[in-house]
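Enquirer: Here you go, one structure.
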Amino acid sequence: MSVKQDTSITAIPAAADGAVPDASARIGFAGRFRRQRGAVAALAILSLITVAAVLAPFWTLHDPAGGSLSDALSGPSGGHWLGTDDLGRDVFTRMVYGARLSLAAAVIAVGVALAIGLPFGLLAGYAGGRGDSVIMRVNDALMSFPPLILAISIVGFLGPSLTNAMIAIGVIYAPRFMRVVRGAAMAVREETYVEAARMMGVPAHRVIRRHLLPNILSPLLVEISLSLGFAIIAEASLSFIGLGVQPPSASLGSMLGEAFRYMRDAPVFAIGPGLAIMIIVLSLNVLGDGLRDSLGRRAMR
């Protein structure tokens, strides 16, 4: 008796776009992010700098505001790793405390920009129509001004201080958040589940909170990471020309401004703050690239 061979082939489920799913498609955000070695290293560097800055009072050896004029503009030594400034204060200690102020200023400035740009961007992207046109024309007008000139104008009007500098930086970066949020919201608004919710009579604020906002977090997180680096540079620029942090406090930018006056006598004074700004901004940019590659729609398929 002959045995009939089973020649049927088990069907392999295909992905929504026709591709055969593999193991990488089931990897979550953490797994995709771990593959970004540069972003992981950048996150480790930023974490180390943040922890060192926050815990500065517990491990630094010198008073950031205290110094001796007899030690002014001395070079690196065992007691002063990066030398001293024009008032004999330890440069390394002031740099650690300055990094804390610079990071805090960047976080608050981005928070101000997010508080302004997120609601208007969501409103413009979801509602559309005349409201979208009015909001985006105002947004385009703000983006037409050079950012640093606009920040200097705002700080000049409000007065030089760290708080006013953070407000100015937040205002100049709010249009960027508004444009990113609007574009992402317009894409999500056309999804089937959003259309179904609107047809069922779900209130607009609930649709925005439950459907739009969770689905625009990916580009929003990337923009936050990149904007933190830009905010640090902007704060350093304002503090460099005396419109940001005021003495005796110091940020990395104000330390560069002080070091600029003594470049011939003590050029090493500017190396520490300059390298710190470069490392922080570079790490934030690399982290933003890693987040973009790990959170993008193409990576999650």
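Enquirer: Using only DSSP helix segments of four residues or longer, with each worth -39500 (n - 2.57), what per-residue ellipticity at 222 nm results for the chain after dividing by its residue count and rounding to 500?
Expert: Mean residue ellipticity at 222 nm (helix-derived): -21000 deg cm²/dmol.
Enquirer: Which one, Leu82, Leu221, Leu48, has the greatest fluctuation when you compute a Gaussian network model over the chain with C-alpha springs under 10 angstrom?
Expert: Judging by the Gaussian network model, the answer is Leu48.
Enquirer: Right, next: Pairwise over distinct Cα atoms, reciprocal of the mean inverse distance: report the Kirkwood radius of segment 182-229 in Å, one decimal place.
Expert: Roughly 11.5 Å, rounded to one decimal.
Enquirer: Which distance in nm do the two modelled labels at Leu275 and Ile149 give, with both placed 7 Å along the Cα-to-Cβ direction?
Expert: Result: 3.7 nm between the two label points.
Enquirer: Nearest 0.05, what FRET efficiency do Arg264 and Arg198 give at R0 = 45 Å with Cβ-Cβ as r?
Expert: 0.10
Enquirer: Calculate the FRET efficiency for His205 and Phe58 from the Cβ-Cβ distance with a Förster distance of 51 Å, rounded to the nearest 0.05.
Expert: 0.70
Enquirer: Round to a whole number: what % of the accessible area of the chain belongs to carbon and sulfur, probe 1.4 Å?
Expert: 66 percent
Enquirer: Moving on to the next point. Gain in length, Gln246 to Asp140, computed as 0.36 nm per residue apart minus the alpha-carbon separation, to one decimal in nm?
Expert: Stretched fully, the Gln246-Asp140 segment lengthens by 34.9 nm.
Enquirer: Within the chain, which complete DSSP H helices have Cα atoms spanning at least 30 Å along the helix axis and a mean Kyte-Doolittle hydropathy of -1.0 or higher?
Expert: Membrane-span-like by this rule: 91-127, 162-189, 217-240, 271-295.
Enquirer: Roughly speaking, what is the centre-to-centre gap between segment 189-233 and segment 112-141 when only Cα atoms are used, to the nearest Å?
Expert: Between the Cα centres of segment 189-233 and segment 112-141 lies a distance of 13 Å.
Enquirer: Quick check for you: with a 1.4 Å probe and neighbouring chains kept, what is the accessible area per residue of segment 65-212, in Å²?
Expert: Each residue of segment 65-212 exposes 49 Å² on average to a 1.4 Å probe.
The values are calculated or read from the model by the stated rules, or taken from the named source; none is laboratory data. No experiment lies behind these values; they were computed from the predicted model shown. For neighbour counting, all protein chains shown are included, and Cβ atoms are generated from backbone atoms with ideal geometry for every residue, glycine included. These accessible areas exclude ligands, DNA and RNA; they are computed on the full protein's heavy atoms, side chains included. Shrake-Rupley method; radii C 1.70, N 1.55, O 1.52, S 1.80 Å.
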